[in-house]
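Written below as structure tokens is the structure these notes are about.
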Amino acid sequence: MRNALGASLLCMSFVAAMAQGSLEPVSAFPLDSNSLVIRQPAQVNRPFSVTGQRGAILGQQDGSFELWLLPVKILHNARLTAKLEGYEATINLNDAASQIEVRPDHTTITYSHAAITVKQHMFIPRSSEAGIATAVVLFEIHAVHPAVITLQFEPSMERQWPAPNFGRPGASWSNAGSGGIYTLATDNSNFFGMVAMPGSKRGAIRPYQERPQTLPLEFNISYDPARDDHQFFPLLAAVTGVSGKPELSAAQLQAKLLETARNVPALYRSTAEYFDHFFDTRLTVQTPDKELDDALSWAEVAIEQARVSSPKGSGLAGGWYTSGDSARPGFGWFFGRDTLWTLYAVNSYGDFQLSREAMDFLLAHQRDDGKMMHEYSQTAALVDWDHLPYLYAAADSTPLFVMQMEDYVRASGDLAYLRDHWDNVKRAYAFTRAHTTNGVYDNSQGTGWVEEWLPKMPQQEIYLAALDEQSSESMARLAKLMSDEDLSSSAVQHAKKIREYLATYRTAEGLYSFSRDKDGSFDARPTVFPSVAWWSGSLELPQSEKMFDAWASPAFSTDWGMRSMAEGAATFDPMSYHHGSVWPLYTGWTALAEYRADRPQAGFASLMQNIRLTWLQDPGAVTEVLSGKFYQPLGRSSSHQLWSSAMVLAPAVRGLFGLESDVLNSRLRVNPELPAQWSEASLRNVPFGEAHLNVSMHRVDSGLEVEVESEKPIDLCLQSSRIFFDNGPCEHTKDSIHRLRIPLPDVEVGLEEHVTQPGSVTEQTKFIRQKYGNNSLQFTLDVPGNKTQRVYLRTNRPLRNLVIIGARREKEWLIVEGNSSEGYSERTINIRW
């Protein structure tokens, strides 16, 4: 059936029903004034994303957008113009985009012209039926004269990759009250959609008899300031027949859409009320750095906005970005390793229901032999997904699942979930043991980390080997919980063997190789990937000081994050995906490794690089990948990347604040590494099983006083240790307030921070290392040429005869000068007292 003819027939099938329903503008209602807000000038070359359980609105900050009723892109290239009565010029409103305001429940783009202001409010309802107005846009108009505002868009009717589609949709129009509805028909008569707008008239629809030509569709909104200044004009859409099989008739779909049009305020309230109470039980922090406080909250929101409902259950989508002329909205479908890395953050802020839902989704696709899934499209059920090369393409999800199960059980105390899924855990661990080289998990069952590598793909990445060791340790502890002593003992022995094997990756220069080949040779190019060895807190690579020095140096550490490969390596390319670009994921891995290795200044620098990305591109979200040369995301980078937001949270909670829970053993690890410039910090709703703890940290003289408060008395031991898995003696008390005093060193130092501007190259000072001695501190910086760096100096008790060599002192600051030439130079500063 030709699309235009099909659209006409669909239209005829429900014309008679139109008299029973109509479209009218909605009386303006208050939009949430949540205090968590990003308000900044619109940058037309930057994206935005509004995403949720069943919908997505993806666009540019000039206000143009595409609209998804997941998993269908129903329209794209939506744009606005205005024509005012008595004003001859046509106003391109997208050129007049002036401000973007992002809140957890909605995003607003404001178009500002001397004669007219239009606000475009966008939100994802939490109460919508699948396929019916699961993404909504409200237009608020104010003008000096009556006007016609034209919303122009191109119909899409595309199912998400890789499902086949049914040709370019045709369109027909039906009046409904003061507005109307476009029906979008495809070559499959069961798969069609509708787009509605009150207070509007249609634009031109090219007659079927004319030569074929694709024209954008238009809603022409008639605005009168006397009548419409307190109205919203909602853009509503619906779709049916996503499977290609009959679902709803045209009349039924239209009736549902008109019913929804009468309930727009309730749709919005479902989202607003959810986010009004979002932080009632989730972690929030208060520190001297409000940017850091807000970034952690935004990271939690960004992860929540990646939560997608599907017939297979709720899961986490990998990332969001405009799809352009494709059917791929960034990585807007489900990924195994993306989810598992992210759940460390979710466990840290306490949404254990989300952790269970996400793991349940992955377990629903676990292979019989135990291998965990890698990738699952929202339209996977519409194709022969099992025989496409995506479902089990990667090898790392399987050890990560075992690690994540232990992390969840430790943080939640939910032993019942482990019991229910013990067979899944055992099968996953057995899979890693069945695919090894020299007894260590290898790349034979899929990619480890890299999906391409020069000059050839690796055979056994240190990334996979390090995960295998941590997975084995996790399995040992999980098996002990399940009273399987034989399995626990075996896993302990495997972990020991893998630790010894990992030591062979160390090069003569003191760095760690990227991978090992079948012939026993190593790819010794310096990369960031050994940093995952420190992730869980149970492993550290021996004699790794040179590796940490390298990661902190400008060879790896740009001013916006961690390169995957050192600048200057043989295959370094700052624009490549794996050979030198910057991923916030890598920056997060390294930040936590630096904290665990007692390098807090480098850890804080890495953490803050991720923190600042919250405002760089897609406000409130963190991008996927940036150039390794300039402070700019790659053009194809998913602007709202799931694990990038996770890498704001995990290193902050577990590294900066040093908090990790072991609920089954009634222990809370408390090992903060507050910057020298901070005197205090507090955290609300720190998760500890079913309890929510409020934790405060205050410097008092030569100690950091930590107070942990719970609503009800709980049995708890506070344990200050650098490594989490410390099973030594710990004094438990049952109380609602627990206190701990942690000794502080006599002297602490911290770099003054500087803001990096988009497009910049790396030009900031790097804190390489520090070493305490007997009444002494030595620290080393890499300082750029012709630059002066200020270093904050804190003394935690009165000191006599403070001697400083290598810097001059100005009150609480040390001043360090770089060379007079270009490039970085090493500066070592000695302090004695």
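The values are calculated or read from the model by the stated rules, or taken from the named source; none is laboratory data. Small disclaimer: the values here were computed from a predicted structure and weren't measured. Here Cβ is always computed from backbone atoms with ideal geometry, including for glycine, and neighbour counts include all displayed protein chains. Accessible surface is based on the protein model in full, side chains and every heavy atom, while ligands, DNA and RNA are left aside. Shrake-Rupley method; radii C 1.70, N 1.55, O 1.52, S 1.80 Å.
Taken over the range 779-791, residues that are of a type in the set (Ser, Thr, Tyr) and surrounded by 15 or more Cβ atoms within 10 Å (Cβ to Cβ) amount to 1. Taking the criterion of being open to solvent by less than 20 Å² (accessible area, probe 1.4 Å) and among the charged types (D, E, K, R), the residues of the range 547-575 that qualify are 559, 563. When the range 693-740 is filtered for residues that are surrounded by fewer than 16 Cβ atoms within 10 Å (Cβ to Cβ), in contact with a Leu (Cβ under 8 Å, 6 or more places away or on another chain) and outside any strand (DSSP E or B), the ones remaining, listed by number, are 702, 732. The listed residues are 402, 409, 425, and the only one of them that is closer than 26 Å to residue 483 by Cβ, touching a Phe, Trp or Tyr at 6+ places or on another chain (Cβ under 6 Å) and touching a residue at least 24 places away in the same chain (Cβ under 8 Å) turns out to be 402. The set of residues from the range 133-146 being open to solvent by less than 10 Å² (accessible area, probe 1.4 Å) and outside any loop (DSSP other than H, G, I, E, B) comprises 136, 137, 138, 139, 141.
What's the number of the condition residue 687 fails, among (1) under 22 Å from residue 408 (Cβ atoms); (2) surrounded by fewer than 16 Cβ atoms within 10 Å (Cβ to Cβ); (3) not small (Gly, Ala, Ser)? Answer for residue 687: the failing condition is (2). Based on what the data block shows, is residue 776 open to solvent by less than 40 Å² (accessible area, probe 1.4 Å) and either in contact with a helix residue (DSSP H, G or I) (Cβ under 6 Å, 6 or more places away or on another chain) or closer than 12 Å to residue 831 by Cβ (or both)? In short, yes. Residue 641 meets the conditions (1) of a type in the set (S, T, N, Q); (2) open to solvent by 10 Å² or more (accessible area, probe 1.4 Å); (3) more than 22 Å from residue 289 (Cβ to Cβ) in every case but one. The failed one is (2).
In the range 331-353, the residue that is least open to solvent (accessible area, probe 1.4 Å) out of those that are aromatic (Phe, Trp, Tyr) and touching a Ser or Thr at 6+ places or on another chain (Cβ under 7 Å) is 333. If you go through the range 150-208 and pick out every residue that is of a type in the set (Val, Ile, Thr) and open to solvent by 40 Å² or more (accessible area, probe 1.4 Å), you end up with 1.
Among the residues of the range 620-638, those identified as over 21 Å from residue 762 (Cα atoms) and crowded, with 24+ Cβ neighbours inside 10 Å are 620, 621, 638. Flag: residue 267 matches the condition of being open to solvent by less than 30 Å² (accessible area, probe 1.4 Å), in a helix (DSSP H, G or I) and within 17 Å of residue 135 (Cβ to Cβ).
Considering every residue within the range 292-308, establish whether at least one is more than 21 Å from residue 50 (Cβ to Cβ) and open to solvent by 10 Å² or more (accessible area, probe 1.4 Å). Yes: the range 292-308 contains one or more residues that are more than 21 Å from residue 50 (Cβ to Cβ) and open to solvent by 10 Å² or more (accessible area, probe 1.4 Å). Do we have residue 794 as closer than 24 Å to residue 561 by Cβ, in contact (Cβ under 8 Å) with a residue 40 or more places away in the chain, surrounded by 12 or more Cβ atoms within 10 Å (Cβ to Cβ) and basic (Lys, Arg) here? Answer is no for this residue. Filtering 574, 554, 542, 584 for residues that are touching a helix residue (DSSP H, G or I) at 6+ places or on another chain (Cβ under 6 Å) and more than 30 Å from residue 491 (Cα to Cα) leaves a single hit, 584. Screening 154, 158 for residues that are touching a residue at least 40 places away in the same chain (Cβ under 8 Å), under 30 Å from residue 313 (Cβ atoms) and among the acidic types (Asp, Glu) leaves exactly one candidate, 158. Scanning the range 219-231 for residues that are of a type in the set (Asp, Glu) and surrounded by fewer than 20 Cβ atoms within 10 Å (Cβ to Cβ) turns up 224, 229.
Every condition in (1) in a helix (DSSP H, G or I); (2) under 25 Å from residue 77 (Cα atoms); (3) open to solvent by 20 Å² or more (accessible area, probe 1.4 Å) holds for residue 328 except the one numbered (1).
Is it fair to say residue 314 is within 12 Å of residue 56 (Cβ to Cβ) and touching an Asp or Glu at 6+ places or on another chain (Cβ under 7 Å)? The answer is no for residue 314. The lone criterion from (1) under 15 Å from residue 647 (Cβ atoms); (2) open to solvent by less than 10 Å² (accessible area, probe 1.4 Å) left unmet by residue 605 is number (2).
Filtering the range 747-772 to residues that are among the polar types (S, T, N, Q) and in a strand (DSSP E or B) leaves only 770. Apart from one condition, residue 259 fits all of (1) touching a Ser or Thr at 6+ places or on another chain (Cβ under 9 Å); (2) surrounded by fewer than 18 Cβ atoms within 10 Å (Cβ to Cβ); (3) not in a loop (DSSP other than H, G, I, E, B); the exception is (1).
If the condition is being open to solvent by 40 Å² or more (accessible area, probe 1.4 Å) and farther than 13 Å from residue 181 by Cβ, then the range 232-256 contributes 243, 245, 246, 247, 248, 249, 252. The set of residues in the range 621-660 being over 30 Å from residue 705 (Cα atoms) and over 14 Å from the mean Cα position of the chain (by Cα) consists of 626, 627, 628, 629, 630, 631, 632, 633, 634, 635, 636. As a summary of the residue check, residue 750 satisfies the conditions (1) surrounded by fewer than 14 Cβ atoms within 10 Å (Cβ to Cβ); (2) under 30 Å from residue 668 (Cα atoms); (3) of a type in the set (Gly, Ala, Ser) except for the one numbered (1). Among the residues of the range 32-53, the ones that are under 20 Å from the mean Cα position of the chain (by Cα) and over 24 Å from residue 297 (Cβ atoms) come to 0 in all. Filtered by the rule that a residue be closer than 12 Å to residue 749 by Cβ and either in a strand (DSSP E or B) or touching a residue at least 60 places away in the same chain (Cβ under 8 Å) (or both), the range 797-812 gives 804, 809.
Filter the range 608-623 for residues that are more than 20 Å from residue 338 (Cβ to Cβ) and among the hydrophobic types (A, V, I, L, M, F, W, C) and give the result. Once the filter is applied, which keeps residues that are more than 20 Å from residue 338 (Cβ to Cβ) and among the hydrophobic types (A, V, I, L, M, F, W, C), the range 608-623 yields 608, 611, 615, 616. Being within 18 Å of the chain's Cα centre (by Cα) and surrounded by 19 or more Cβ atoms within 10 Å (Cβ to Cβ) is not true of residue 380.
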